Structure formats: structure tokens, C-alpha cells
């Protein structure tokens, strides 16, 4: 059984469960992104803070020069505290409250991604009260499906996100007649954990059609934001630690008909941080059931909710055993039947005290942790902190 490389000796004495962040891998991932964008004029990446807001992770990403994609006032505050320039922060979200909008205005963020006329009116009103002009992009729902879990699709007409295509020109006209907003372009996002480049090609085709339609009315876009969505390999984190950024960015370079001077923005989250994060948990008991064997660990759905929420798969490795493999259901201590990480999975024989590594957990892991059952929140530990 192929395993990842972990500093197991340095884990000794650490209270489990905890998140271990392989920061050298994170830096290699960031370098791959930066190199791909360097080759293509006008490409800008904003890290989607909702994937992981650990301050140490945010600091590394900000130092690499990326911008930030935020979906709450708290994320804006976290991004600024981590060193992201306000001029590189975009703020999305279907339900922005007044204090969050005012925070963005006061900070001087690059752009608000607006999802409705009522939101547009509030931003204009609040900006007027401050004597400011807010830059805005309109989030358009392109009605483009994505080959991913139903709970993480965002670009279908049935989803709550964005402005319907049929209303696009009307909303642009409303925005252009407001004195305290500046219409900059369009924003899109079709979903998450997308591995089929055909989904992104479909988005490009839709944007090309919409842009031609707008230009017939002499409406020109300075900025196009295509969101994020690029997935990772949950099955093979050791073989595929860095996503195929070349194929991703090249899809947009080939298929999206950018005009001279147009700027293209991306909002990558999972693809940047997922593979560098691992949830380390300890085996509490090995229990023989009537029909199966359980490895009961001290991590639960409160620490990593994705398997329970999305039926998501995370590869698991026993990093302290080299014995023959046996089949286990790996389950947590939470008083819920859904507190299961994986069923019928082969692991090196488990014993009480063994450490298991739940892989590809750097995105939507620590950030979604809860204190259900009055549990303590897991901490995040970086490679540097162990050296």
C-alpha cells in the first residue's frame, strides 16, 4: 500500500485530532499557478478564502502574491490581516449585510460581485453615504451544469446564485445609471470539484455568446471573472499532489475570446490547499461487529464533515503500521450514524494508538469544523512548526 510521507516522529505528543499542513507542497502548488499565469497576459488568481482560512495558510498564499476571494465580512478581515492587499480582494455572496458592504467600502476592495438588483441598490446607497464609488461585477447565472455533487453546483437556473441571463442587460442598465457604483464586468461560477474540462469549455462558450450580445448594444467589459471550481484527485493524493493547472488555464486561454486589454479573474480554493492538508487522528478502539470490523478514531464529523455532508471520499492511511491490510469501516465518536469516514476500506492492520492520516483534507476541513457534542475544535500545524 503506497503511503504519503509524514513526520510521524514529530507527531509524538501532539493531541489528536489535528490538521497537518504540508507547507512545502503548498508552495509548490502556488508556484505552479504563478508560472501558468505568467505565461498568459491578464490572468489573475484570487484565493477562495472559504476553502481554508487558517492564518498560517493565508499568510503563505498572500506572500505568493495572489488576491483573495471572500464571501463574508469575516473573510475580508481575515484576508487583510493575512496581508492580502485590499486592491486584490473580490467580495461575493448572495446575502451581503450592510456592515459587510461598509467594511468592503472602507477597506477599498477591488470589486463587489453583485447578485441582484436589491443588493445593487443597497451598495449604491451605502457608497453614496460615504462619498465613494464601489466597483462592481454582476454575477450571472449561466445555466451551465457541472459534473459534480448536486450540493456544490452553483451555475444552474435552479440555484440561488447569480442573476438570470434574461435579466442581464436590464441589470447592467440599472447599474450604469447609478452614480455610486462603477460597472466593471461579469462574474460566473458553475460549481466545485470539477475535473471535466468540458464543463469549463461550456462556460467559455456561454460567456462568448453573452459578450457578443452585449457588444451589439455597445456594452464592453473590462473584467471577466470565471470563478473557480477546479477539482483535485481524492483517490490518488500521492501520485497527483498538484492539480493539472496547465489544462485548466489553457482551456480558458484557448476557448474564451478575450478582447484586447480584458482582464480574466479566477477564484481557486480547493485546488490550492486541499492536497497539502491531512487530518491526523488516533485509533481509539478496533471493534469486531457482526458483519464488519470498525476502526473507531478520535476524529469525527465535527472535524471533517465532507464525508457526512457530501458522501465525499477521502483516502485514509495507517501511518504507524506496516502489517498486512485488513478491511475496516473507519468511524468517529460522534453520536450520529452518519459519523463515518469510509466503509469497507483496506488499511494496514490497526491497533489502539495507531495514527491514521485522512488525506486531501486541506479544503473544507478545518474551516467547516464545529463544536457539536461540545467537542473542541481541531488545531492546524504546519511543517515549519514541527521542525
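The test for being touching a strand residue (DSSP E or B) at 6+ places or on another chain (Cβ under 6 Å) and either free of Cβ contacts under 8 Å to residues at least 12 places away in the same chain or at negative phi (or both) holds for residue 271.
Residues checked against (1) farther than 13 Å from residue 341 by Cβ; (2) at pLDDT 95 or above:
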{"site": "277", "(1), (2)": "yes, yes"}
{"site": "281", "(1), (2)": "no, yes"}
{"site": "285", "(1), (2)": "yes, yes"}
{"site": "291", "(1), (2)": "yes, no"}
{"site": "300", "(1), (2)": "no, yes"}
{"site": "305", "(1), (2)": "no, yes"}
{"site": "310", "(1), (2)": "no, no"}
{"site": "324", "(1), (2)": "yes, yes"}
{"site": "328", "(1), (2)": "no, yes"}
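Taking the criterion of being closer than 25 Å to residue 264 by Cβ and not in a helix (DSSP H, G or I), the residues of the stretch 17-52 that qualify are 39, 40, 41, 42, 43, 44, 45, 46, 47, 48, 52.
Looking at 299, 361, just one residue is assigned to a loop (DSSP other than H, G, I, E, B), touching a residue at least 24 places away in the same chain (Cβ under 8 Å) and touching a helix residue (DSSP H, G or I) at 6+ places or on another chain (Cβ under 8 Å), and that residue is 361.
Exactly one residue out of 34, 2 is outside the structural domain of residue 296 (by TED's automatic domain parsing) and more than 21 Å from residue 348 (Cα to Cα), and it is 34. Output yes when any residue across the stretch 368-379 is under 17 Å from residue 234 (Cβ atoms) and not in a strand (DSSP E or B), and no when none is. Yes, some residue in the stretch 368-379 is under 17 Å from residue 234 (Cβ atoms) and not in a strand (DSSP E or B).
Look at the stretch 253-268 and say how many of its residues are assigned to a loop (DSSP other than H, G, I, E, B), touching a residue at least 60 places away in the same chain (Cβ under 8 Å) and either outside the structural domain of residue 227 (by TED's automatic domain parsing) or more than 12 Å from residue 45 (Cβ to Cβ) (or both). Qualifying residue count, the stretch 253-268: 3.
Scan the stretch 24-45 for residues that are under 29 Å from residue 376 (Cβ atoms) and surrounded by fewer than 17 Cβ atoms within 10 Å (Cβ to Cβ) and report the count.
The number of residues fulfilling the criteria is 1.
The values are calculated or read from the model by the stated rules, or taken from the named source; none is laboratory data. Fair warning: this is a prediction, and the values are worked out from it, not measured in the lab. Every residue, glycine as well, gets a Cβ built from its backbone with ideal geometry; the counts of neighbours run over all protein chains shown.
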